Amino acid sequence: MARLLVYLQYLPAFEATARLASLRRAAEELNLSPSAISLQLKKLTEATGITLFEKAGRNIALTPAGREFAQAVAVSLGQLDSAARACRSQDAGGAQQSLAVSLPTALGVAWLSAVVVEFAESRAITDLTINEAIGAAEVDWQASDLAIVYDNPPFPGRYWRLLSEVRLRTVCSPILFPRLDLQHRDRKLNGITLLHEDRGEEWARWGVAARVNLRGSGSVRVASVAQAVASAVQGQGLALVSDVLTRNLLREGRLIQPFATSINAASAYYIVCPIERAEEPLLQALMERLAERI
């Protein structure tokens, strides 16, 4: 048992080094010196009899055996963390006390934050945190149990599940509709401002698909699709966004879709979580609730 206890105490240093691919960054994360991390890795190698790392220029890299061991360690540490969460829940009378979910800003504002809040209330979760991130690489996994991302897989080390494909359609305030030239053979937007997040690539693709002349229209580049939607509602331009983001505004009549043409977005919405936590009942239930409400 003594040998097993010595073995376990080196696993956090190994997991951090394997995940970050850097002794220095692992040392910073664990508040240790690089030499202390190096010593722990040496002792773990001696305890396991496995050559875990090899030189890669000035850096180190996992050996094939080290990669297999790293996967097993990640799963094991995740299972221990899940078991601790479950025990804490039992101590609290069976109620899950906390949940942290990361959402893209626009999707959260549009309707998804309300779904998450409703889910937390139904599960008697008293400490709910909603974080913000768009892509999977932006998610703070130290502060999030599960994330919805607008991105494309694969997501290494994560479980993922498609939540919704994304089709982009034009939306604008009803007050702008009379300015659109939809009857003329060479359909034009009559100088209406185009709202976009990228450099205009998606608008260019839509213009070709819809056979609409975009020349003469101004453009405003915004920091997020949420700003594009808000500006469209205020009558400041035409936005090219997903139905998923605007369905409530369309239902309320605050936005309209002046053109039937839609194009595929570059990415889609995915549910993502740590792979070792994908089978947790709470996260499974949240995934199903999200899929039902999309």
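The values are calculated or read from the model by the stated rules, or taken from the named source; none is laboratory data. Just so it is clear, the model here is predicted, and its values are computed rather than measured. Please note: Cβ atoms are built from the backbone with ideal geometry, for glycine as well, and neighbour counts cover all protein chains shown.
Give the residues of the range 205-228 that are more than 27 Å from Val109 (Cα to Cα) and among the hydrophobic types (A, V, I, L, M, F, W, C), sorted by residue number.
Val208, Ala209, Ala210, Val212, Leu214
Tell me which residues, restricted to the range 43-52, are within 16 Å of Pro12 (Cβ to Cβ) and either touching a Gly at 6+ places or on another chain (Cβ under 9 Å) or surrounded by fewer than 12 Cβ atoms within 10 Å (Cβ to Cβ) (or both).
Passing the criteria: only Leu52.
If I go through the range 148-166 residue by residue, how many of them are within 19 Å of Ser242 (Cα to Cα) and surrounded by 15 or more Cβ atoms within 10 Å (Cβ to Cβ)?
The qualifying residues number 7.
If you go through the range 157-166 one residue at a time, do you hit one that is under 14 Å from the mean Cα position of the chain (by Cα) and at pLDDT below 90?
yes
With respect to Ala266, is the statement that it is touching a residue at least 24 places away in the same chain (Cβ under 8 Å), closer than 21 Å to Leu240 by Cβ and under 17 Å from the mean Cα position of the chain (by Cα) true?
Spelling it out, Ala266 is indeed touching a residue at least 24 places away in the same chain (Cβ under 8 Å), closer than 21 Å to Leu240 by Cβ and under 17 Å from the mean Cα position of the chain (by Cα).
For the range 161-175, name all the residues that are part of a strand (DSSP E or B) and out of contact with any helix residue (DSSP H, G or I) (no Cβ under 8 Å at 6 or more places or on another chain).
Leu162
Restrict the check to the range 206-215 and report whether at least one residue is aromatic (Phe, Trp, Tyr), touching a helix residue (DSSP H, G or I) at 6+ places or on another chain (Cβ under 8 Å) and surrounded by 19 or more Cβ atoms within 10 Å (Cβ to Cβ).
no
Cβ contacts < 7 Å: first residue over 14 Å from Leu103 (Cβ atoms) and in contact (Cβ under 8 Å) with a residue 24 or more places away in the chain, restricted to the range 280-294; second residue assigned to a helix (DSSP H, G or I) and among the small types (Gly, Ala, Ser), any location; separation 6+ or different chain. Result?
Correct list of pairs: Glu280/Ser82.
If I filter the range 245-254 for residues that are touching an Asp or Glu at 6+ places or on another chain (Cβ under 9 Å) and under 30 Å from Glu288 (Cα atoms), do I get at least one hit?
For the range 245-254, residues touching an Asp or Glu at 6+ places or on another chain (Cβ under 9 Å) and under 30 Å from Glu288 (Cα atoms): present.
Of all the strands (runs of 3 or more DSSP E) wholly in the range 232-277, which have at least 2 residues that are among the hydroxyl-bearing types (Ser, Thr, Tyr)?
Answer list for the range 232-277: 268-274.
From the list Ala27, Ala18, which residue is in contact with a Gly (Cβ under 8 Å, 6 or more places away or on another chain) and buried (at least 18 other Cβ atoms within 10 Å of the Cβ)?
Ala18
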